[in-house]
Each structure stands twice: as C-alpha cells, then as structure tokens.
Amino acid sequence: MGVTGVLDYGERLAFEVKNCDMQNVNLSKCSTNVENKVSYGNAESDIVDHEIVTSPQVTKLNEIIANLTDSIQIKDVQLENSHREKSRLLAELKKQQRCNRNLKQQLDSERIFYQREKDYFVEEMQRYRGRYIGNVSKFQQQWRKELEEVQDSLEQENKQLKSELLDKNKVTYNLCVKFLRMKHAKDTLRYKLDQLLHEHLLVMAEMMEKLDEARKELNLIVSEKFQEPLPLNKAKFLQVVQRNNRLTYENTTLKVQVHQLTQNIDKLKSHMQRPKKINVDAKIIEKLATQSNTRFTLSKAEKIALLSKLSQPADYTEDAEMISQLYVLLGNCFFLPKWEKEDKHPSLSLFALAYKSS
C-alpha cells in the first residue's frame, strides 16, 4: 500500500470516529427525552389519580408505556453497538498512525540515500562531460573545415551550372525564334501557293470552257465535211493527220508522266533532307497548327469546289485522258477514272498542241 493510500485510510478512520461520537450524543439526547416523557407521564398519572380514570384511558396509557420501553431498549442496543464500533475504530486509527510513522521514517532514509547517489552521479557526469568537450572541440574544428571546403566546391559548381544553363536558355530562345520565323514564312508561302493554285485552277477552268467551245465548233465543221465524199488524196492526208495526232497525244502523256515522276523524286529528296523538329512551347505550336489547319482546310475546300465544277458531265469523252493527266499535274492529290480514248478525232491533236504551247 502506498503512502497516500495509508494517509487516506487514516483520515477515513478519524471521520468514522467523529460520526460515532455524534451518534452517541444523539442517543444520549434521545434517552433524556424518553426520561422526561416518562417523568411527565408519572406527573400526569399523579394528577389523574385525583380524577376519575376510565378504563379506555388506562389501556391507552399502558400502550404508550410499552412503546416507550421498547424504544428505550432499542436505543440502549444502538449505544452499545456505537461504543463497540468506536473502540474498534480507535484501535485501527492507532495502528494506522504507527504504520504512517514507520513509512515516514523509511521515506526519509530512502531520500537521504538517493540524494547521496544523485550527488555522486552528478560529479561523475561533470567529470565525463569535461573530457568529452575536450575531445569534441577538436573533432568539430576538423569537421567545420571539411564542411567549408565542400561548401566552397558546391558553390563553384552551382555557378558553373548557372552559367551553362543561361547559355543553353539563350540558344534555345534563339532557336525558337528562328523556328517561329520559319514557321511564319512557311505559312505565308503556303497561303500564297494556295492562292496561286486557286488562280491557276480558275484559268484552267476558263481554258477548258474555251476548248470545249472550240471542240464543239470543230466537231460541227468536221461532221459537215465528213458528210461530203472525200477524194483519195484527201483521205490519205487525213490518215497522216490522224497518225500525227495520235503520236503527239502519246508524246504529251509521256511528258506529263515524266513531269509527275520528277515531282515525286523532288518530294522524296526534300522529305529526306528535312531538318529535325525542335521542341518549342506547346501552346505556340498548337496555335500555329490550328491556324495552318484552318487555312489548309479552306484551300482544300476551294479545290474540291473547283474540281466538282470542272468534273461536271459534258461531251468531251474523247479527250478525257488528257484532262485527267492535267488534273494529276496540277493538284497531285486528286484522282479521276481513266477512260478509253478514240484515236480518230482531230480535237485531240489541237488539245495537245494547246497544252504544249502553254
């Protein structure tokens, strides 16, 4: 049991002893009250002797006396019990006080012993601290020197890295500026090329309309002439003209194919010699890409509209091969079906000569 527990137990015993004293006082008061009542009852009985006492009053008084005697006996028993409890509590209180004195002496002796131990350990700690401080001071001096050297080397490396980073930033900035200028020049050239291609297609459409009109007139003239009987020398001359027309047509188709192949070779060379991409800001690249895509879609829509206008049905099935070759030469990205040609028509030679002269 601890010291605080022992003290609490002693206080509790003292409190119980006080309660027993109070109960004894109350019991003594009750006994005095009962005696007073008994004496008062005797006085009243003396007074009643002078009067005529009836039998009911006598029985009532006897009951009161019996009740009072019973209560007096109960109070006497309670007084005896309280005296016994008081004596027991006093014995326990003395025993607890003796234990408290012994514990106090033991605590005082232990406090003195541990105080001596504490003083001894404090002296030992001070002695070892003096030795440790002497050794640590030397180690700290060496450690500080090493740290200063490492810090100086790191600062020099940081300066070098900063200078290199600034140089790289300048180079990347210049490359980005050049790339953006090239991108702008490329967009402007592409826009101009689209405009020129649009104008060229318009001119070709006008030329095709004029050629259609000339072909119709020529067909009318030829049909009128063929209805008349031709002499032998004119028939031979017509065969020679037709053969020349066929040869010129084949020559023009071969030239167109050669021109197309050369263009494909040039494109392959330019694609192989194209420089590597440079990483620029993603927002600027996305903005430029959207602008170029909108321009490209507009120009492509205009091309499709013009080609749909040019590909409307008309009566020139005989020279469709040459028209398809011209479309391939101009757009280089469109395709038209290849129709069979008729060699026996003079409009092909005229169309080939017009293409050669242009």
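Screening the candidates Leu165, Leu238 for the property of being assigned to a helix (DSSP H, G or I) and surrounded by 11 or more Cβ atoms within 10 Å (Cβ to Cβ) yields one hit, Leu238. Here Glu213, Glu224 are screened, and the one residue that is over 58 Å from the mean Cα position of the chain (by Cα), at pLDDT 85 or above and over 30 Å from Phe179 (Cβ atoms) is Glu213.
Condition (residue is assigned to a helix (DSSP H, G or I), free of Cβ contacts under 8 Å to residues at least 12 places away in the same chain and within 60 Å of the chain's Cα centre (by Cα)) applied to segment 86-95: is it met by at least one residue? Break it down into steps so the answer makes sense when it comes.
The first filter runs over segment 86-95 and keeps only residues assigned to a helix (DSSP H, G or I), leaving 86-95.
Subset that is free of Cβ contacts under 8 Å to residues at least 12 places away in the same chain: 87-88, 91, 94-95.
Next, from what is left, pick out any that are within 60 Å of the chain's Cα centre (by Cα): none.
Scanning segment 86-95 turns up no residue that is assigned to a helix (DSSP H, G or I), free of Cβ contacts under 8 Å to residues at least 12 places away in the same chain and within 60 Å of the chain's Cα centre (by Cα).
Quick one: is Gln263 in a helix (DSSP H, G or I), at negative phi and either hydrophobic (A, V, I, L, M, F, W, C) or in contact (Cβ under 8 Å) with a residue 12 or more places away in the chain (or both)? So Gln263 passes the test.
The values are calculated or read from the model by the stated rules, or taken from the named source; none is laboratory data. Just so you know, these numbers come straight off a predicted model, no measurement behind them. Neighbour counts run over all protein chains shown; Cβ positions are idealised from the backbone, glycine included.
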